[in-house]
Amino acid sequence: MGLRISPSILSADFGHLADECARVAPAADWLHVDVMDNHFVPNLTIGQPVVEALVKHVTTPIDCHLMISDADRWAPGYAEAGAKSVTFHVEAAANPRQVARDIRATGARAGMALKPGTDIAQYEELFNELDMILIMTVEPGFGGQSFMADQLPKVKRAREVIKNLDLDIWLQVDGGVAASTIEACADAGADTFVAGSAVYNTSDPIVAIDNLRALAQTATDSSWWCAH
Ligand code: DX5
Ligand code: ZN
């Protein structure tokens, strides 16, 4: 069972963005880029022009996490800017099915994110339109927050649906993912892990990624959902 580690550049030095991306490239599967609009979340980061610029300087595929209102209008533009995966928040989309279709129409992978307070049940019928589900394990907006273990049942439920329907969907967790929490995420069913501070706020990001990967792999191998 393949798993993916996607370092979040939210914890990187924004003054040296391309270098910071290169620093994790040897070990990262994806680069997680957090787009915030000061409206959907109380923080403002970077937008489409920066994604477009980054794509030209990094070889690691970009996993764009849009924490912005009106995903219907803005999401496809990030795929056109070069992100290979674009995740929108279901709370920010008037027509999530159409947003997913619009992203996929560009050739990019479509992801749908759920905030901690959002119930997954009503969105399970959308799974077949998606390439990834993102279960937030903190309130979106900032790096360095504490992991919310109460989101693990939602991860488990998403994995059950994916398994029961035999869908080819990645299941991502984002927020507070670190050496102390990644095993619980993998055990619940996650296979794609975003880590910001646990990667960038260390002396050696490569060692940190390798360590996270090893912990997640071991937990996955003995998990309920990964049949052998
Ligand atoms: C938070 C962002 C995360 C953030 C995670 O809203 O979506 O991607 O960078 O940071 P850590 O891993 O430090 O919790
Ligand atoms: Zn994120």
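A short reminder: the numbers here are calculations on the coordinates, not readings from a lab. These figures come from a predicted structure and were not determined experimentally. Because the Cβ atoms are built from the backbone with ideal geometry, glycine has one as well, and the counts that use them run over all protein chains shown.
A few comments on the model shown:
- Volume per residue of the convex hull around the Cα atoms, evaluated for the range 163-202, comes out as 60 Å³.
- Per the Debye calculation on the range 112-228 with a single equal scatterer at every Cα and no solvent contribution, log₁₀ I(q)/I(0) for q = 0.14, 0.18, 0.22, 0.23 Å⁻¹ amounts to -0.54, -0.89, -1.25, -1.33.
- Within the same chain, lysines fewer than 8 places from Lys156 are excluded, and of the rest, those with a Cα less than 24 Å from its Cα are Lys115.
- Derived scalar couplings ³J(HN,Hα) [the range 124-141; Karplus, 6.51 cos²θ - 1.76 cosθ + 1.60; whole Hz; x for Gly, Pro]: 5, 5, 8, 3, 6, 9, 10, 9, 7, 10, 10, 9, 6, 10, 8, 5, x, x
- Local electrostatic count, His57, Cβ distance below 11 Å [Lys/Arg +1, Asp/Glu -1]: -2
- Restricting the calculation to Cα atoms, the chain shows an Rg/Rh of 0.93 when the hydrodynamic-style radius is the Kirkwood one.
- Dipole axis of the range 97-228 (+1 Lys, Arg; -1 Asp, Glu on Cβ), positive-most option in Val173, Ser203, Pro140: Pro140
- Given +1 at the Cβ of Lys and Arg, -1 at the Cβ of Asp and Glu and no other charges, the dipole of the range 126-211 around its Cα centre is 220 debye to the nearest 20.
- Each 10 Å bin, from zero up to the one with the longest distance, holds this percent of the alpha carbon pairs of the range 37-77: 25, 55, 20, 0.
- Size of the range 42-151 as Cα extents on the principal axes (Å, biggest first): 39, 32, 23
- Residue by residue, the range 170-176 carries 3J(HN,Hα) couplings of 7, 10, 9, 10, 8, x, x Hz when phi is fed to the Karplus relation 6.51 cos²θ - 1.76 cosθ + 1.60 (θ = phi - 60°); x denotes Gly or Pro.
- Estimated [θ] at 222 nm from DSSP helical runs (n ≥ 4, -39500 (n - 2.57)) normalised by residues in the chain, nearest 500: -10000 deg cm²/dmol
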